[in-house]
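Report on the structure given below.
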Amino acid sequence: MAVTAADTLHQAIEQKRDELYEIASEHSWTSPEVILVSQELDSLITHHVLSKYKKEQLNT
């Protein structure tokens, strides 16, 4: 089975989420370290949503 860009992005989101929880367990949720990783996760999720939306638009 071929690995798609969506699969790779999904894996990156899961890894970043794990990283966020790990860092948050060591720092406050409002610490700069946690906020930075949270913003990186937000960016990955936004990319996923936009790519899914664009794909749906191409199929209509």
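At a glance:
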quantity: Some residue of segment 15-26 being free of Cβ contacts under 8 Å to residues at least 60 places away in the same chain, of a type outside the set (D, E, K, R), surrounded by 10 or more Cβ atoms within 10 Å (Cβ to Cβ) and not in a helix (DSSP H, G or I); calculated: no
quantity: Only one of HIS10, HIS48 that is touching a residue at least 24 places away in the same chain (Cβ under 8 Å) and in contact with a Leu (Cβ under 6 Å, 6 or more places away or on another chain); calculated: HIS48
quantity: Qualifying position, being under 8 Å from the mean Cα position of the chain (by Cα), loosely packed, with under 13 Cβ neighbours inside 10 Å and not acidic (Asp, Glu), among THR30, THR46; calculated: THR46
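None of the figures in this text is laboratory data; all of them are computed from the coordinates on show. Since the model is a prediction, treat every value here as computed from it, not as a measurement. Cβ coordinates were reconstructed from backbone atoms using ideal geometry, including for glycine residues, and neighbour counts include every protein chain displayed.
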